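To keep things clear, I will list the structure first and then write my remarks on it.
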Amino acid sequence: MKRFRRIEPIVYVLGLAGGALFISLLIREGAAQVGLAIARAGWGLLAVTLFHLVQTLSDAAGWLVLIPKANRIRLSSSFFLHWLGESINNLLPTGRVGGDIVVARLAAMWGTPLRIATAAMIVDITIGIITKVIFIVASSILLVAATGRTDLARPAFVAVLTGTLAVVGFYAVQRMGMFRWTATLASRLAKSPGANSLVQGGEALDQTIRVLYSRRRGMTGCALFWTLSWIIASGEVWIALRALGLPSGFTTAVILESATLAIRGAAFLVPGAVGVQEGGYILLGNLLGIPSEMALALSLVRRVRELALGIPGLIAWHLIEANRLWHRA
C-alpha cells in the first residue's frame, strides 16, 4: 500500500503532462482542422466502434480456451467481462491491469473458481505479450520496407529485445513459483496467524498456472486468438483511415496499430497514454506520408471509440458492484 501511494503521485503528474502534451499538439495542428477531419468521418465513427467489438469477442474467446471446460463461463459472459475490463484499462489510471483483476474477480462470482480465473488471466497476459512482440517485429520490418528508413531498424531492435527479455523474465518467475515467494515474503513481514494459508494459496496458484501452461491446445488456441485480435485491431485502424478520407493500405494500418501497442505498453503509467499516443501517431504518420492533422484526427477517432464503449462499460461495472454490495447489506 505504501508503494502504491508513492506511485500514485507519479501517475497523476504523468497524466497532467500527457494532457498538456495533447493540448499543445491540438493547438499546433489546428483544432478546427482536426475537428473538421473527425466530423468528415461521420458514420465511420460508428463503424469503428462496432468493429472493435469483434476484437473484444476474440479476446474473450482467447481467455476462455485456457480454462478447462468444466470451469468455463459462457462466451457471452466472457465477452461482457472483457468489455468491462477493457473499459477500466482504457479510462481509469490503473496501469492497464485493473481491468484484468476485475475480470478475474467477476468471473469467480459467476462460477469460475477464483484460482483458475486468476491463473488464466496471468497466462493470457503472458501469451498476449509474446504475440504482441512478434506482431511488432513484423510491423517494424514493414515500416523499414515502406519508408526505406534503415536507420529505424536499430531502435526497433532495441525495443523488441527489451520486450522479449521482459516476457522471458515474467514467464521464468511464473514457472519458478512467484506467488509462493510473494506470499512467503508477505507472511514473514506480517507475522500474522493466517500466514500459512497465504503461502498455501500462493503455492496453489503457482500450480494452477503450471497446469494451464501444460494444456497445449489451450495455449495454442489462446495464441491464435491473440494473433487474430491484432489483425482485427489493424482492420479497425484501416476503417478509421478510410473514414477520414485517407486511401491508405492495410500495411499502413498494421504499422500504426503496432506503434499504438508499443507506445501504450511503454507509457502504461500515463492514464490512457494521453498525449503520448497522439505524438506517436503524428511522428509515424509523417514517416508514412499522412498529414499531421490527419494523424492526430486518427488518434482522436480511436479516443471517441474508447469513450463510446468505455463509459457505458464503467457504468455497468459500477451497477454490478452496487448490486453486490446491496445484496450483501
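Observations on the model:
- Compactness check for segment 93-163: Cα Rg over 2.2 N^0.38 Å is 1.58.
- Scaling the Cα radius of gyration of segment 278-329 by the globular reference 2.2 N^0.38 Å produces a ratio of 1.89.
Every number in this text was worked out from the coordinates using simple rules, so none of it is lab data. Since the structure is predicted, the reported quantities are computational estimates derived from the model, not experimental observations.
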